[in-house]
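Okay, structure first, notes after.
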Ligand SMILES: [Zn+2]
């Protein structure tokens with residue numbers, strides 16, 4: 001296991017504390033060694049995996065009802081995010097919308113964890129480990145977009161993939177991943193092992209993440225004040241690390257005066273949080289139904 005630890009950045013180890021993940025990581029590592037020619041070593045590792053997988057499956061409690069949501073307000077503290085017209089700063093905007101959403105979800109009896117509840121800097125890896133420790137059933141990261149041009153506007157929802165769905169999506173992920181710091185971001189980009197792990201996690205929750213992203217975007221589109229830019233995919237580090245369905249919402253462009261005009265108002269922030277809450281309730285229904293749990297509402 002020595003070699004495995006050396007291959008993995010410290011933050012990545014930190015973000016992974018649950019048995020199921022460890023078992024699968026070791027399985028993948030065994031596979032990588034096997035493919036590399038050390039088949040005997042690979043098989044040896046695979047044997048270690050079996051009991052851990054069983055323990056991991058029990059600990060993850062897959063039959064549990066949907067009841068815990070992690071809301072991740074992007075940026076914070078020294079990381080201000082995008083700056084918009086009218087003095088609007090992304091870190092403040094997304095914290096406000098996150099709190100509005102949290103209030104709505106708690107009113108319906110859901111357990112809500114915020115990765116930050118004030119203006120503090122929380123590294124991306126800390127966000128993922130907080131989410132995983134809280135054993136959330138859904139992770140929602142809230143951000144606002146920005147462009148060099150003042151023309152682009154609209155609201156879009158992302159779920160994670162290693163390949164961005166288009167150049168714009170890739171650029172957004174690069175911007176949002178900057179909070180990881182230069183060295184961390186470079187390490188992630190350069191490390192095929194991390195890429196493999198990220199891919200495994202993303203695939204694990206891909207269907208659910210995609211389903212939630214579609215529900216969220218449909219509700220946000222129906223608000224009707226800011227145009228819909230659709231559901232997209234990109235390699236967001238904050239989404240790659242979480243062991244639960246996850247989506248990232250860009251609630252409008254800080255660089256567009258019409259979007260900012262809406263984002264500055266209480267009414268629009270309420271409508272966005274209402275739309276996201278409806279998407280969560282719809283997702284909750286689907287999630288519980290798929291596990292044979294009757295709706296509690
Ligand atoms: Zn952001």
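The numbers here are math on the coordinates, done by the rules we state, and not lab data. In this text the structure is predicted, and so the values were computed from the model without any measurement. In this analysis, Cβ positions are derived from the backbone assuming ideal geometry, glycine residues included, and neighbour counts consider all displayed protein chains.
Results, tabulated for the structure shown:
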read-out: Sequence of 95, 162 once ranked by neighbouring C-beta atoms within 10 Å, starting from the fewest; value: 162, 95
read-out: DSSP beta bridges in the stretch 68-290 [antiparallel fraction, %, rounded to 5]; value: 20
read-out: Residue 204/residue 149 FRET efficiency (R0 30 Å; Cβ-Cβ; nearest 0.05); value: 0.20
read-out: Taking N as its residue count, the alpha carbon Rg of the stretch 85-136 over 2.2 N^0.38 Å; value: 1.27
read-out: Residue order, fewest to most beta carbons within 10 Å, for 113, 143, 205, 75; value: 113, 205, 75, 143
read-out: Ranked list, fewest to most other Cβ atoms within 10 Å of each Cβ, for 283, 212; value: 283, 212
read-out: Gain on full stretching of the segment that runs from residue 174 to residue 64 - 0.36 nm per residue minus C-alpha separation; value: 36.1 nm
read-out: The stretch 223-262: Cα Rg divided by the 2.2 N^0.38 Å rule of thumb; value: 1.46
read-out: Chain lengthening between residue 121 and residue 294 when straightened (0.36 nm per residue, less Cα-Cα); value: 58.3 nm
read-out: Prolate/oblate/rounded call for the stretch 68-290, Cα gyration tensor, a/c under 1.5 rounded; value: rounded
read-out: Estimated FRET transfer efficiency when R0 is 35 angstrom, pair residue 165-residue 83 (beta carbons, to 0.05); value: 0.85
read-out: Relative pair counts by distance (%), Cα atoms of the stretch 73-188, 5 Å bins; value: 2, 10, 18, 23, 22, 15, 7, 2, 0
read-out: Length gained when the stretch residue 218-residue 107 is fully extended (0.36 nm per residue, less Cα-Cα span); value: 37.7 nm
